[in-house]
1. Within 14 Å, Cβ to Cβ, of T326, how many net charges do the neighbouring residues add up to if Lys/Arg are +1 and Asp/Glu are -1?
2. Given a cut-off of 23 Å, name the pairs among K182/K353; K149/K317; K116/K291; K196/K268; K268/K366 whose C-alpha atoms lie farther apart than that in the structure shown.
3. Label-point separation (nm) for K117 and R87, each offset 7 Å from Cα along Cα-to-Cβ?
4. Please give the contour-minus-distance gain from K353 to N315: 0.36 nm per residue of separation, less the Cα-Cα distance, rounded to one decimal in nm.
Amino acid sequence: TDPQQIGEGRNAHTFYRIDVRPNQYADTIASVRRRYSDFRWLFQRLHEERPGAIIPIIPHTKAFQIEKRLSEELIEERRVSCETFLRRVQIHPELEGAPSISAFFSPDAEVFEQAKKDHPETEGFISEDGTTSSAKEKVKHFFVKAGIKAKVARGVDLEETPDAAQVDEVEQYLSALETHVKALAKATLYLVDVSKETSTNMHELGQSLFGLHQTYDPDTTTPDDNDSSSSSNNSNAKSKNPSLKTISNIFASLSAINKVKYDDNYAKVSKPIIDIQDNIKAARLALKRRKDHAITYNTFLQQIKNRQAALEKLNHKNATSPQATTENQIVSTQQLLDESNKSSKVALAALEKVTQRVFREMDRFKHSVDAQLRL
């Protein structure tokens, strides 16, 4: 609530006040102020901390021009969408205890700034003992992962968990739902927008007529006292035809009626459909996070194959021509292979965890969508 604009020109931005109660029984309320970009940060962090969870979408409206960025309409639009986002996040069963939520609502500004500054990077990989691999190995890992992604793009199947068939069913369900909702949205949103367009056109026409009325209107002109016939004609015209001011007022009334009609239709028809579309997008992002974990797991599997092949070559070379250098390479490669095996187990455990979260979320999603469509 209470948007507050800070700064001028390109440095201008808007803060939104959030009232925070430590717990439901507390009497005291602390206030924190967050920018729109802070809400986007929270959205991204929740995807990192709870991969596979269906995180509520924040509608993102880009505003390149300063005038538009600070417009009351955009600020109010963002205030409403951010408030809705926070309310849904707070009651989300999979997001309970997420560190980024605690940091976001912290009244201590330093805590939140530190959280934004120190949020962990997920690119690259960490071995089971928590130590990162060397820069050279990270580069190799990057290229192996790029190769896996290229295979996926060509339609090559990934090494999957036993739940892969169920995941396919989820994707097919989302695709079918998305197709039906798109068809429904195309028809209904168009009809709802017609009343908005009509309201706008009538308002503009009324404004134009009122401008003409101020410039010239038969009922405001003064007839020539010497021309009685002209006066009589004007009187007759006034009695038969409404004035420009009257017509302008009629269009203004019609514009207001259509605006009320649009607002009512938007709330009852458009908003629920848009919410379902946003929920589908959120579910798609959850599945994408799972796919990212599947790619990571397959990357380690490919890395294991590559290192096993390299180890076999070194063992063959050492068998035919033993050398101290080759033996050192064998030891080093074996260590890397062991790391890859450990990392693949960690990646598989993470993939299975994310998969189960996706299934729980999709059950909740289906009940939610079913309830929305029945309204």
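1. Charge balance in the 14 Å sphere: 0.
2. K182/K353; K149/K317; K116/K291
3. 3.5
4. Length difference between fully extended and current span is 9.9 nm.
Every number here is computed from the coordinates shown, using simple stated rules; none is lab data. What you are looking at is a predicted structure, and each value in this text was computed from that prediction instead of being measured. Cβ coordinates were reconstructed from backbone atoms using ideal geometry, including for glycine residues, and neighbour counts include every protein chain displayed.
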